[in-house]
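Everything on this sheet refers to the single structure shown next.
Here, each number is a calculation from the coordinates, and none is a lab measurement. No experiment lies behind these values; they were computed from the predicted model shown. Note that we place each Cβ from the backbone using ideal geometry, even for glycine, and neighbour counts take in every protein chain shown.
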Amino acid sequence: MPGLVVDPAAGPHAGVPVALTHGAGGDVHGAGLQALAEGLAVLGHTVVRFNLPYREAGRSSPPAAEKSVPGYREGYEAARDAVGDSGRWAVGGKSYGGRVASLAVAEGMEVAALVFYGYPLHPPGKQAALRVAHWPSITVPCLFLEGTMDPFCNLDLLREHLPSLGGPATLHVVEGGDHSLQVRASSSADGRPRNPARVMADLAPVVSSWLESVAVRS
């Protein structure tokens, strides 16, 4: 499958494999997504990043998230085929990609867990337009990596709706993080900026530990 990148697990430990895709305007080479994938690989997880079909077709704007679900399923199957692992994986992605993954899981795609990197809970400035109607159908553990400065995710609203998920949810908050979890100097507790690659590399151990604690494969 074009647009597929495999980050093989390092070392003897075989952690839960992970399939990830990009946000609406990104691709598999986004700095934050790449840093997370490479960080998880170092910690023993095979990670496969894949482009959604609209990106492979050269389009910069995505279709409605529901229309990308078949493409996500295809990417997930291609990831498992590329690695030769037919067990249940953790899946997810950046923003739009994570939302598409959640829709696929809500529709019955069998996975071990979901990882969201900046879940787009609502459009900026439109907090009434929540993207949670499918959440009760998600029964696997979910990890949300969210920033306090993200215009796509009001954290109070997120906390209010997490109980509507059909499975357990964990929220990890990045203080000062925007939608890509970039932390600007003006929002940083120590006055130092952190780009998405740095933040996501730092979060890789958090994600790995969470996967170890919740993901049961079959």
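Observations
- Magnitude of the charge dipole, the chain, Cβ model with Lys/Arg +1 and Asp/Glu -1, debye to 20: 280
- This structure gives volume of the Cα convex hull per residue in Å³, computed directly, and of (i) 218; (ii) 174; (iii) 113 that value is listed as (iii).
- Karplus (6.51, -1.76, 1.60) ³J(HN,Hα), θ = phi - 60°, over the range 109-126, in Hz, Gly and Pro reported as x: 5, 7, 9, 8, 6, 10, 10, 10, 9, x, 4, x, 4, 7, x, x, x, 10
- Using C-alpha pairs below 8 Å separated by at least 6 residues, the relative contact order for the chain is 20 percent.
- When +1 charges are put on Lys and Arg Cβ atoms and -1 charges on Asp and Glu Cβ atoms, the dipole computed for the range 133-201 relative to its Cα centre reaches about 240 debye.
- Under the simplified labelling scheme, the ALA82-ALA10 pair shows an inter-label distance of 1.9 nm, with each label point 7 Å from Cα along Cα→Cβ.
- Estimated vicinal HN-Hα couplings, Hz - the range 129-143 in sequence order (Karplus 6.51, -1.76, 1.60; Gly, Pro = x): 8, 6, 9, 10, 4, 8, 4, x, 7, 8, 10, 8, x, 10, 10
- For the range 108-152 and the range 168-218, distance of Cα centres in Å: 15
- Max mean-square fluctuation residue, GNM over the chain, Cα-Cα springs under 10 Å, options GLY147, GLY166, GLY32: GLY166
- Close amide H partners of GLY147, meaning residues 5 or more places away or on another chain with modelled amide H under 5 Å apart, are VAL174.
- Between the amide H of ALA113 and those of ALA90, VAL91, distances stay under 5 Å, these residues lying 5 or more places away or on another chain, with hydrogens modeled in the peptide plane.
- In order along the range 25-30, the phi-based Karplus estimate (6.51 cos²θ - 1.76 cosθ + 1.60, θ = phi - 60°) of 3J(HN,Hα) comes to x, x, 8, 5, 9, x Hz; Gly and Pro are listed as x.
- Of the trypsin sites (Lys or Arg not before Pro) found in the range 58-112, the ones in coil according to DSSP and having at most 13 other Cβ atoms within 10 Å of their Cβ are ARG59.
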